[in-house]
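Worksheet for the structure shown next.
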Amino acid sequence: MSFNPLEEKGMPLEKQLRTWSELNSSTYSKSAVHPYSQARIILMNGIEVEAALFQHQFARHAIDPDLTRQLAMVRRIEQQQQKAVNWLVPGKASILEATIGYEQVAVDLTAFLARTVPDPYVKDVFDFGLLEDFDHLYRYANLMETLEGKEAESIVRDYTDVLPGRPTKKEHRHPYDDVRKPIDRKKSDPLTSLYCLLLMAGEQQTMNFYMNMGNRLTDPLGRALYLEIAEIEEQHVTQYESLLDPKASWFEMMLLHEYVECYLYWSFMNQEPNEYIKHIWETHLDMEIEHLKIAADLLKRREDKDPTSVVPKEMPDPVVFESNIEYVRGILKEQVDLTANEADLVPVSKLPKDHRYFSYQEKVNGDWVPSEVVIEENSKKNGADYQLKQNPKKK
């Protein structure tokens, strides 16, 4: 059944403010929650954070006080939505348990987007980042077993492998080589723009989480692993944001942001098995439809542009969290040795010996690499590193 959010009746903006008790969501049980319910919460938290940050940046570049007031109103609702979503997460989960959830999101979201994105260059970029997040899951799983005696299987269950990917120590690249070719939204499928923005937002939230929470561990090796991988997440945000069309105006980007929110809430409310969480997705979709209509009206009035020149008239096929085990294994076999030379993805062996990749590696890795030491330490403590090779499961 087709769904066009631009033609739907949303919740009026004046009815969207909620009380503290309404925003103080009941937490899920970390032992009973479905891994992909947790994944949807993690992603939507990141999407709402990006929505608020984008509108703050927009307001800082806007002159018209009527516009800044309108942005302030919509942004306040986005902030309330972020609280309702993020407050679903139980405080009992450790930082490492939360991290395993973040990396499962990165692996299975990126894999789904790579499998379905229309643009072949963007697919290559997504696959490239996928193998790096896949390795991060493996490194953090080993750290959690070392420090907490817990297995990542209790969180990812039988949906996601925990195996070495592109070694984290080899992921560190000179910043020049993390900038990719931007898409031209006027020539590319609109779905590509949606995918680039939502993946950037998800990776940005992971970057922010590690930047702020990595120093909360007391173990020196654990703290070091977070700071190392946080730098890779910075590289990933650079990579995905550089794919976005830089020619898009502020009003076009606002519309795209609001459409992504509608798209994901619509996608997830039809998949969510938890009725309480599903109700939040449905409520937020009603709110976001109104935000989308506000953004569409601004685009028409301020730039005399048709909203459907920026976003699809009807929702594309939904974004789905599902197991991608076979897909990831296939990419791992083919692309584990890739790195980047400016916007191109190339095997390390094809780089000239004096390429900046090697000097950058030597500089940051030095004689001690936390992502390598964490595997050594867990092997010493438990007799082997932690790996989890699953039997492929579709959903």
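Observations
- For region 73-80, the condition of being at pLDDT 95 or above, within 22 Å of Glu275 (Cβ to Cβ) and open to solvent by 10 Å² or more (accessible area, probe 1.4 Å) holds for at least one residue.
- Condition met for Glu362 (of a type in the set (D, E, K, R), surrounded by 13 or more Cβ atoms within 10 Å (Cβ to Cβ) and part of a helix (DSSP H, G or I)): no
- Consider region 15-32 and keep the residues that are modelled with pLDDT under 95 and of a type outside the set (Ser, Thr, Tyr). The one that is surrounded by the fewest Cβ atoms within 10 Å (Cβ to Cβ) is Ala32.
- Within region 81-105, being under 20 Å from Gly222 (Cα atoms) and open to solvent by less than 50 Å² (accessible area, probe 1.4 Å) holds for Ala93, Ser94, Ile95, Leu96, Glu97, Ala98, Thr99, Ile100, Gly101, Tyr102, Glu103, Gln104.
- Any hit, region 338-345, residues being aliphatic (A, V, I, L, M), in contact with a helix residue (DSSP H, G or I) (Cβ under 7 Å, 6 or more places away or on another chain) and within 30 Å of Asp64 (Cβ to Cβ): no
- Filter result (in contact (Cβ under 8 Å) with a residue 40 or more places away in the chain and either open to solvent by 30 Å² or more (accessible area, probe 1.4 Å) or of a type in the set (Gly, Ala, Ser) (or both)) within region 118-144: Pro118, Asp119, Tyr121, Asp124, Gly129, Ala141
- Among the conditions (1) surrounded by 21 or more Cβ atoms within 10 Å (Cβ to Cβ); (2) not in a helix (DSSP H, G or I), Leu197 misses just one, which is (2).
- Among residues of region 173-182, those that are part of a loop (DSSP other than H, G, I, E, B) and open to solvent by less than 10 Å² (accessible area, probe 1.4 Å), counted: 2
The values are calculated or read from the model by the stated rules, or taken from the named source; none is laboratory data. What you see is a predicted model; the values in this text were computed from it and never measured. Counting neighbours? That spans all protein chains shown, and the Cβs are built from the backbone with ideal geometry, glycine included. Accessible surface areas use protein heavy atoms only, side chains included; no ligands, DNA or RNA. Shrake-Rupley method; radii C 1.70, N 1.55, O 1.52, S 1.80 Å.
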